[in-house]
Amino acid sequence: MKNAVIYWSGTGNTEMMAKAIAEGAEAELFEVSGFSGNIADYDKLAFGCPAMGAEVLEENEFEPFFSSIEGSLSGKTVALFGSYGWGDGEWMHSWEERVKADGAILFSGEGLMVNEAPSDDDLAKCRQFGENLVK
C-alpha cells in the first residue's frame, strides 16, 4: 500500500502536524510545491492546509493544486488536517464537502483541526490519526 501526506504550511504549525501524521502512517511526506507524483499511484492520502483569510484554503499554491486533483479522488480514502488561528472551522467543513462531492471516502468523517501551534498532545493525536488512516 502506498500512502502520502501532502501539505502547505505558512507558519510551520500545519507542517508539524503533517510530519506527525506521516510518521504515524509511515507515509511519504510532500510539501505541496514539491509533489510531482500522480495521485492515482496512492491508496490513501492526507492533505493538510491551514485556514487562511476568511477561512479558506491557501490560495496561491494549495488551492490550485487541490483544484487540479479534484476528479481523481473518487473511491480513495482521504484525510484532511490543518491549523487555524480563529473562526469555527468553516474552511475545514467546506473542504470536507468538496472531498465527499468528489466521491472520496473522508477518513474519520471529519478533518483534524488544531488551534495555533500543536501541543505535544496534539502531535500525539496527529500520529494516531496517521496510524488509524492506514489500518
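Nothing in this text is a laboratory measurement; each read-out follows from the coordinates by a stated rule. Since we're looking at a predicted model, the values are computed, not measured. As a convention, Cβ positions derive from the backbone with ideal geometry for all residues, glycine included, and neighbour counts pool all protein chains shown.
Some points to look at:
- Qualifying residue in the stretch 87-110 (condition: of a type outside the set (D, E, K, R) and closer than 17 Å to Thr11 by Cα): no
- Annotation note: Cβ proximity below 8 Å between a residue of the stretch 36-50 that is closer than 16 Å to Gly24 by Cβ and a residue that is among the small types (Gly, Ala, Ser) and part of a helix (DSSP H, G or I) (sequence gap 6+ or interchain) occurs for Lys44/Ala25; Ala46/Ala18; Ala46/Ala22; Ala46/Ala25; Ala46/Gly130; Gly48/Ala18.
- Residue pairs whose Cβ atoms lie under 7 Å apart, separated by 6 or more positions or on different chains, with the first residue in the stretch 87-110 and under 12 Å from Val56 (Cβ atoms) and the second of a type in the set (Gly, Ala, Ser) and surrounded by 13 or more Cβ atoms within 10 Å (Cβ to Cβ), are Gly87/Ala51; Trp91/Ala51; Met92/Gly82; Met92/Gly111; Trp95/Gly111.
- All conditions but one from (1) touching a residue at least 12 places away in the same chain (Cβ under 8 Å); (2) over 17 Å from Ile6 (Cβ atoms); (3) among the hydroxyl-bearing types (Ser, Thr, Tyr) apply to Ser72; the one that does not is (2).
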